[in-house]
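Below is one structure, written out as structure tokens, with a few remarks after it.
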Amino acid sequence: MKNVLITGVGRGIGRALAEKFATEGWRVIGTTYQSTSDLPQGVSKHYALDLSDEASIKNCVENLKKDNITIDVLINNAGILCDEEETHLVPDKLRQTLEVNLIGTADFTEQLLPLLNQSGHVVFLSSQAGSLQEMDHLNDSHEPYHYPAYKISKTALNMYVRTLAARLLHEGNGTIVSAVHPGWVQTDMGGSEAPITPAEAATQIFKLATSRPPTGGFWYNDEPYPW
């Protein structure tokens with residue numbers, strides 16, 4: 001049985017991903033920001049993880065090592081949006097966002113690399129909001145100046161995907177590294193008006209995560225997405 005580690009399984013896309021992988025016969029290891037009794041069905045191991053806290057990241061990795069966990073697929077799903085109503089950059093909210101969406105996620109991934117099988121796959125949930133090319137459409141409905149901290153964090157995360165993929169390829173490590181735009185999804189972050197359900201998003205992410213695309217790609221619905 002193959003192992004998948006998914007961050008943020010308590011709700012939304014992470015929860016749907018845990019249920020999808022479990023249904024497909026995978027062993028699911030999940031993390032949540034706080035310990036919870038309401039885990040999705042199929043999660044066989046659970047760990048607390050606060051991506052804004054260096055000690056929490058270290059403790060989670062140490063516990064994974066103590067439990068002899070090996071990972072075939074790592075899905076970095078957990079993230080925050082704390083400046084949804086902002087049209088100007090708020091430095092404190094940028095720091096808070098980067099700590100979780102970029103720094104904590106990268107730190108966690110780097111510490112987990114020794115636990116990943118070298119034919120594995122690391123998937124990062126990115127966003128259309130992080131695409132520089134999307135900023136060419138300054139008058140479209142995406143309101144490019146809204147929630148700037150979140151947009152900055154996802155653009156930076158995309159560069160981490162590219163640099164990590166290039167490094168592992170140079171080292172001869174067969175691990176695939178991918179970013180994925182899940183679409184506009186009905187979650188606490190996306191809102192109830194979004195057209196895509198978490199289960200639908202999980203289906204397309206599962207397909208990507210269990211395939212072997214070219215490393216360092218940005219994907220949406222099985223197609224390359226513009227950086």
Inset, instruction - Test Arg15 against the stated conditions and say whether it is closer than 19 Å to Gln186 by Cα, surrounded by fewer than 22 Cβ atoms within 10 Å (Cβ to Cβ), touching a residue at least 40 places away in the same chain (Cβ under 8 Å) and among the charged types (D, E, K, R). - result: no
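Those residues that are assigned to a loop (DSSP other than H, G, I, E, B) and within 22 Å of Gln111 (Cα to Cα), I need them from region 8-57; list them, please. Quick ask: steps written out before the conclusion?
Kept after step one, since they are assigned to a loop (DSSP other than H, G, I, E, B), are these residues of region 8-57: 8-11, 24-26, 33-42, 49-53.
Gly8, Val9, Tyr33, Gln34, Ser35, Leu49, Asp50, Leu51, Ser52, Asp53 - these are the residues of region 8-57 that are assigned to a loop (DSSP other than H, G, I, E, B) and within 22 Å of Gln111 (Cα to Cα).
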Legend entry - Positions within region 175-227 being small (Gly, Ala, Ser), under 20 Å from Leu5 (Cα atoms) and assigned to a loop (DSSP other than H, G, I, E, B), in sequence order: Ser211, Gly216
Legend entry - Any hit, region 193-214, residues being modelled with pLDDT of 95 or more, closer than 30 Å to Pro91 by Cβ and touching a strand residue (DSSP E or B) at 6+ places or on another chain (Cβ under 9 Å): no
Legend entry - Yes/no for Val185 being under 23 Å from Thr32 (Cα atoms), modelled with pLDDT under 95 and of a type in the set (A, V, I, L, M, F, W, C): yes
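One line per residue, one yes/no per condition, for (1) within 30 Å of Gln118 (Cβ to Cβ); (2) free of Cβ contacts under 8 Å to residues at least 24 places away in the same chain; (3) of a type in the set (A, V, I, L, M, F, W, C); (4) surrounded by 14 or more Cβ atoms within 10 Å (Cβ to Cβ):
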position: Glu134; (1), (2), (3), (4): no, no, no, yes
position: Tyr150; (1), (2), (3), (4): no, no, no, yes
position: His170; (1), (2), (3), (4): yes, yes, no, no
position: Ile176; (1), (2), (3), (4): yes, no, yes, yes
position: Asp188; (1), (2), (3), (4): no, no, no, no
Inset, instruction - Sort out which residues of region 86-136 are in a strand (DSSP E or B), under 18 Å from Phe218 (Cα atoms) and of a type outside the set (A, V, I, L, M), and write them in order of number. - result: Gly120, His121, Phe124
Inset, instruction - Test each condition in (1) touching a Ser or Thr at 6+ places or on another chain (Cβ under 9 Å); (2) within 24 Å of Ile205 (Cβ to Cβ) for Ala106 and report the one that comes out false. - result: (1)
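Looking at Glu62, is it part of a helix (DSSP H, G or I), at pLDDT 95 or above and over 18 Å from Val123 (Cβ atoms)?
Values: part of a helix (DSSP H, G or I): yes; at pLDDT 95 or above: yes; over 18 Å from Val123 (Cβ atoms): yes.
Spelling it out, Glu62 is indeed part of a helix (DSSP H, G or I), at pLDDT 95 or above and over 18 Å from Val123 (Cβ atoms).
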Inset, instruction - Return yes when Arg95 is of a type in the set (Lys, Arg), closer than 19 Å to Ile75 by Cβ, modelled with pLDDT of 95 or more and more than 14 Å from the chain's Cα centre (by Cα) and no when it is not. - result: no
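The values are calculated or read from the model by the stated rules, or taken from the named source; none is laboratory data. Since this is a predicted model, take the numbers as computed values, not measurements. Quick reminder, even Gly has a Cβ in these numbers, built from the backbone with ideal geometry, and neighbours come from all protein chains shown.
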